[in-house]
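The values are calculated or read from the model by the stated rules, or taken from the named source; none is laboratory data. The structure displayed is predicted, hence computed values, not measured ones. Cβ placement follows ideal geometry from the backbone for every residue including glycine, while neighbour counts extend to all protein chains displayed.
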Amino acid sequence: MKPAPFDYFAPTSLEEALEKLTDLGYSGKVLAGGQSLIPAMNFRMARPAALVDLNKVTELSYIKPTQDGGLAIGTMTRDSAIEDSEVVKRLFPIIAEVMPNIAHKQIRNRGTFGGAVAHADPAAQIPALSLLLDAKMKIQSKKGDRWVDAQDFFMGPFMTVLEPEDLLTEVLLPGLVPGTGTSYKQISRQRGGYAQAAAISKVVMDGIKVKDVRVVLFSVAETPVLTKEPVRVLVGQVPTTEAIEAVAEYVAQNECDPGTDIHGTAEYRRNLVRVLVRRSLTEAVERARK
Amino acid sequence: MADKMKVKITVNGTLYEREVEPRLLLSDFIRHDLGLTGTHVGCEHGLCGACTVLMNGEAVRSCILFTVMADGADIKTVESLGTMEKMHPIQEAFQEKHALQCGFCTPGFLMTTVEYLGKNPNPTAEEAREAIDGNFCRCTGYENIVEAVQLAAKKMAAHEQ
Ligand SMILES: Cc1cc2nc3c(=O)[nH]c(=O)nc-3n(C[C@H](O)[C@H](O)[C@H](O)COP(=O)(O)OP(=O)(O)OC[C@H]3O[C@@H](n4cnc5c(N)ncnc54)[C@H](O)[C@@H]3O)c2cc1C
Ligand code: FES
Ligand code: FES
């Protein structure tokens, strides 16, 4: 359980980091919190020839409120800093609700928000949150800057649009419409364990009818899934118990593709999806009504 | 072979200046280079929490950090807590509540508890359980450990008065 040798660079500015990544090309890899990369290197599943450590690039660690009531989060912001942030709690209670479910305190003290996005683990919470909240990813390289929507960012399991010389530098979250209700539901074997299935919902009401709705699933497909049925069926309608149940059933049968592993069968996970979508949608509607 | 790098790391109050390979895990630096074998290594991939130490006051898993990432940091290991003659209140609480049998997991639980009680001095049983959710104990079971965390909180409050 020891990593293979590698060259190590610890730039102290963004400029220097981008330079290094361009120089190294395919042999370079970004090291953020290391909480996914180092275990993979210990197993020698990952054997990067060179690491560019961002831990000394302090300018990439921030939580800044934006004009529209949203947040700009620097890629190196630690999970625990987000969990403890008052402004996050106020503007995005759903993020505060989700964070304690990610791994354990010791891991959240080192793991980073941007690292989780870039890692694109299909079982990870933060990529799913970024999809739910319509995040914009700021990608920088020596060639220039670009912005990519969360919807276009995740290509497959552990695969994103990031090229070897690219750095994800910021995750921009547009502000929520006042009165938005959100809710998170997951099932895992134990606290801090990876979710076997999870659903996050976001609802805006107009009187007794649904004005806008978004439901994201994860851990049940190759990437987080932005479901379509809730929007198709619930917008403009009264979200009755029966309507929500029907949506949950449809989503579980048609909008995910869970696999079978030692923790559960595909069929079991589909059933979890049905139950979790129902619970999170119901709670999000209740919260939106308040 | 990658070049060795110079690091300056303070461990339990002593500043160490060493040359290390970039791939050297912090857990191995602590155990092999410094000979501080109180920090245990169970899984070496971030799962069990046996290797937990404090880095600038925060609990971290030393098996999934490279030593070079701790350059300039202040590290505290279980050796910083107490002595055989005068144990730390958290250690006393673990002893009194029989919160260990083999003791392999204990250094990790202790260091996790140090950070936690520093921020949450009076946890309920449920909160104490959540606080230790990142540490595995394979032989004692968690009931006594939860009680020990709560007793430790009481002892520390008494110490402060
Ligand atoms: C025991 C254990 C349990 C865990 N449980 C969970 C869980 O339940 N849910 C969950 O979501 N996660 C879990 N994790 C993973 C953890 O949350 C990681 O911290 C996170 O997924 C990756 O963040 P990091 O900053 O540590 O990234 P790193 O490990 O440093 O990097 C991960 C990958 O992203 C790339 N990368 C990182 N930052 C950038 C960037 N800015 N630009 C371009 N590429 C970049 C790296 O090159 C690497 O390929 C767990 C980890 C462990 C060890
Ligand atoms: S040895 Fe570090 S977490 Fe198990
Ligand atoms: S006391 Fe033996 S594993 Fe915890």
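Here are the numbers for this structure:
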item: Enumerated helices (runs of 4 or more DSSP H) restricted to the stretch A:20-137, each holding at least 1 residues that are without any contact (Cβ under 8 Å) to a residue 12 or more places away in the chain and of a type in the set (G, A, S); result: A:37-42
item: Residues of the stretch A:29-47 satisfying the condition of being surrounded by 21 or more Cβ atoms within 10 Å (Cβ to Cβ) and away from ligand 2 (no atom under 16 Å from the Cβ); result: A:V30, A:L31, A:A32
item: Residue that is surrounded by the fewest Cβ atoms within 10 Å (Cβ to Cβ) [pool: residues in the stretch B:54-70 that are facing another protein chain (nearest Cβ under 9 Å) and under 16 Å from B:E115 (Cβ atoms)]; result: B:E58
item: Selected residue (only one of B:D74, B:D3 is in contact (Cβ under 8 Å) with a residue 24 or more places away in the chain and acidic (D, E)); result: B:D74
item: Residue match in the stretch B:98-119 (condition: away from ligand 1 (no atom under 16 Å from the Cβ), touching a residue at least 60 places away in the same chain (Cβ under 8 Å), in the same structural domain as B:R18 (by TED's automatic domain parsing) and under 30 Å from A:S188 (Cα atoms)); result: no
item: In the stretch B:8-29, the residues that are out of contact with any helix residue (DSSP H, G or I) (no Cβ under 6 Å at 6 or more places or on another chain) and either surrounded by 19 or more Cβ atoms within 10 Å (Cβ to Cβ) or at the interface with chain A (Cβ under 10 Å from one of its Cβ atoms) (or both); result: B:V11, B:E21, B:R23, B:D28
item: Strands (runs of 3 or more DSSP E) contained entirely in the stretch A:141-205, each with at least 1 residues that are more than 16 Å from ligand 3 (Cβ to nearest atom), of a type outside the set (A, V, I, L, M, F, W, C) and over 19 Å from A:H119 (Cβ atoms); result: A:144-149, A:181-188
item: Single unsatisfied condition, B:L110 versus (1) farther than 21 Å from A:G193 by Cα; (2) away from chain A (no Cβ under 14 Å); result: (2)
item: Among residues of the stretch A:256-283, those that are closer than 24 Å to A:G193 by Cα and either crowded, with 17+ Cβ neighbours inside 10 Å or not assigned by TED's automatic domain parsing to the domain that holds A:V213 (or both), counted; result: 15
item: Residue within the stretch A:206-218 that is assigned to a loop (DSSP other than H, G, I, E, B) and over 23 Å from A:A124 (Cα atoms) present; result: yes
item: Selection count, the stretch B:125-161, where residues are outside any helix (DSSP H, G or I), among the hydrophobic types (A, V, I, L, M, F, W, C) and out of contact with any helix residue (DSSP H, G or I) (no Cβ under 8 Å at 6 or more places or on another chain); result: 2
item: Count of residues meeting criterion [within 15 Å of B:L54 (Cβ to Cβ) and touching a helix residue (DSSP H, G or I) at 6+ places or on another chain (Cβ under 7 Å)] in the stretch B:92-115; result: 7
